Amino acid sequence: MSSHLSTNGSASRPVTIRDLTTAKEQGERFVMLTAYDHPTAQLLEENGVPIILVGDSVGNNVLGYDSTVPVTLDDMLHHTRAVSRGAPMPLVVADLPFGTYQVSADDGFRAAIRLVKEAGANAVKAEGAGPVIDLARRLVGAGIPFMGHLGLTPQSVHQMGYRVQGRDDEGADRLVADAEALAAAGAFAIVLEGVPSELGRRVTRAVEIPTIGIGAGPDTDGQVLVIHDLLGLSAGPHPRFVKAYADLRSEIGGAIKAFQHEVADGEYPGPEHCY
Ligand code: KIV
């Protein structure tokens, strides 16, 4: 029996967090992709992507920042609104940006409510463990599905850099314990970023909720990529885990040059483009 996580065109009903658990129980792998705008959300929906992450990676990929740290709650509300309008079927997860939950769980709670109530997110994601465990428990208690994010956590770039985490036994054991604590607090899934494949497998076996890997090896329950990386739109350099399935940067460059040449040569607009 296959789960509801279709890979062939738009789903027949909205994807739920229960669908993800069912997929894990049935050993079915699935994807999550980022989107930051309405047309991309529509494309992901049309092509059966079950989970859309409105990531704070909007900062690096769309807003011209060199990290996710400057992204604001207003930025996330704006982009989440555009995505949720374009994708009624996929589960839309919005990132809680840096600064909205580090000071207190109350702040995080309020920010999450705004993302769900004002922007149409179905769930929220925050990075790390420690105080985030309490935030997760409170959100779940209030009916807001929570996705964890462990390993390389980009909002902590000034502390940890963009370095693979959990390479030593102590770090690996801590990460497994954090994943178990998030699952016990009611998180419905955990993103595992930048960890050795062996640790990706260990965490995936340790928890009943699905893990979604990015640079965490082949054995997580799902895989996530940033859409700009998958499409070959981002300039790079890219981390090792990125695979581009298209080369849109060249494709778009070619279209822009063709327009410039046709205008310079008087070929565009042709008679068919004129009134
Ligand atoms: O913001 C983002 O795109 C993310 C993914 C890397 C998982 O958190």
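Here are the numbers:
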quantity	calculated
GNM top mover of Asp265, Asp229, Asp219 - the chain, alpha-carbon springs below 10 Å	Asp265
Protection proxy ranking, peptides 97-107, 208-218, average beta carbon neighbours within 10 Å, highest first	208-218, 97-107
For the stretch 9-24, Karplus couplings with θ = phi - 60° (6.51, -1.76, 1.60), whole Hz, Gly/Pro x	x, 4, 5, 7, 8, x, 6, 10, 5, 5, 4, 6, 5, 4, 4, 4
Pairwise centroid distance, computed over Cα atoms, of the stretch 86-133 with the stretch 209-230, Å	20 Å
Mean separation of Cα contacts under 8 Å (6+ apart) over length of the stretch 68-130, as relative contact order %	41 percent
Potential lengthening between Glu262 and Val69 on full extension [0.36 nm per residue; Cα-Cα distance subtracted]	65.3 nm
Theoretical gain in end-to-end length, Ser104 to Ala206 [0.36 nm per residue, Cα-Cα removed]	33.8 nm
Average Cα contact separation per residue, the stretch 36-79, under 8 Å, 6 or more apart, as relative contact order %	35 percent
Estimated [θ] at 222 nm from DSSP helical runs (n ≥ 4, -39500 (n - 2.57)) normalised by residues in the chain, nearest 500	-12000 deg cm²/dmol
Debye intensity ratio I(q)/I(0), log10, the stretch 174-275, q values 0.24 Å⁻¹ (C-alpha model)	-1.12
For the chain, the fraction of alpha-carbon pairs in successive 5 Å shells from zero, as %	1, 6, 12, 16, 19, 17, 12, 6, 3, 2, 2, 2, 1, 0, 0
Cα gyration tensor, the stretch 25-175 - rounded (a/c under 1.5), prolate or oblate	rounded
Highest average packing first - 145-158, 72-85, 243-256, Cβ atoms within 10 Å	145-158, 72-85, 243-256
Solvent-accessible area per residue for the stretch 123-275 (1.4 angstrom probe, square angstrom)	53 Å²
Per-residue ³J(HN,Hα) for the stretch 76-91, Karplus 6.51 cos²θ - 1.76 cosθ + 1.60, θ = phi - 60°, Hz, x for Gly and Pro	5, 5, 4, 6, 5, 4, 4, 5, 5, 5, x, 9, x, 8, x, 6
Portion, in percent, of the accessible area of the chain that falls on carbon or sulfur, probe 1.4 Å	53 percent
In order through the stretch 60-69: 3J(HN,Hα) via Karplus (6.51 cos²θ - 1.76 cosθ + 1.60), integer Hz, x for Gly, Pro	7, 8, 10, 8, x, 7, 9, 7, 8, 4
Nonlocal amide H pairs with Val54, under 5 Å, H built at 1.01 Å	Ala35, Val93, Ala94, Asp95
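The values are calculated or read from the model by the stated rules, or taken from the named source; none is laboratory data. None of the values given here were measured: they were computed from a predicted structure. For neighbour counting, all protein chains shown are included, and Cβ atoms are generated from backbone atoms with ideal geometry for every residue, glycine included. Please note that ligands, DNA and RNA were not included when accessible areas were found on the heavy atoms of the full protein model with its side chains. Shrake-Rupley method; radii C 1.70, N 1.55, O 1.52, S 1.80 Å.
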